Amino acid sequence: MNLKLILMPRILAIDYGTKRTGLAVTDPLQIIATALDTVDSSQLIPFLKKYFEKEQVSEMVIGMPKKLDNTDSSNAAAVKKFIELFKQSFPAIPVKEADERFTSSLALDAMIAGGMKKKDRQVKGNVDKISAVLILQNYLESKRIYEAGVSSSEK
């Protein structure tokens, strides 16, 4: 029996902030979301250039900050500005926006549930990375649900 493992490009998720940005990526099979790093936002494009030299990325998902009434929050303008910079820098990588409401509080809850010490939870970069993981996990789940619905309707 000849089994061939098909590796796909990774999907990158970004939790963009004006100071720091949390990053997460999928594994090469696009099943698991893992924290990658927290980067100073002013160094994000150079960081991504280096990363893309080592890893193939098929798409980028970025958290779009929204208020409860679904309008843009105060940081949305900065995120939109970064999206334009990303598209100029990496035109071959499609960009998807994802609702990032509650990701920071969910990230903090996940750190507590995972037994992370209080001093580690206070490191803001940890919240940013875990928020990026949550954005990516939600995106992967919605993508799987959509693909399952499409394939079942084709039968």
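Just a few scattered comments:
- By average C-beta atoms within 10 angstrom, highest first, the peptides 33-39, 45-51: 33-39, 45-51
- Extended-chain gain in nm, criterion 0.36 nm per residue less alpha-carbon gap, Lys50 and Thr71: 4.1 nm
- Other residues lying with their Cβ under 12 Å from the Cβ of Asp37 contribute a combined charge of 0, Lys and Arg counting +1, Asp and Glu -1.
- Label-to-label distance, nm, for residues given as Glu141 and Asp37 (7 Å Cα→Cβ offset): 2.9 nm
Read-outs: derived from the displayed coordinates by stated rules, not from any lab. This one's a predicted model, so the numbers in the text were calculated from it and none came from an experiment. Using ideal geometry, Cβ is built from the backbone for each residue, glycine included, and neighbour counts are taken over all protein chains shown.
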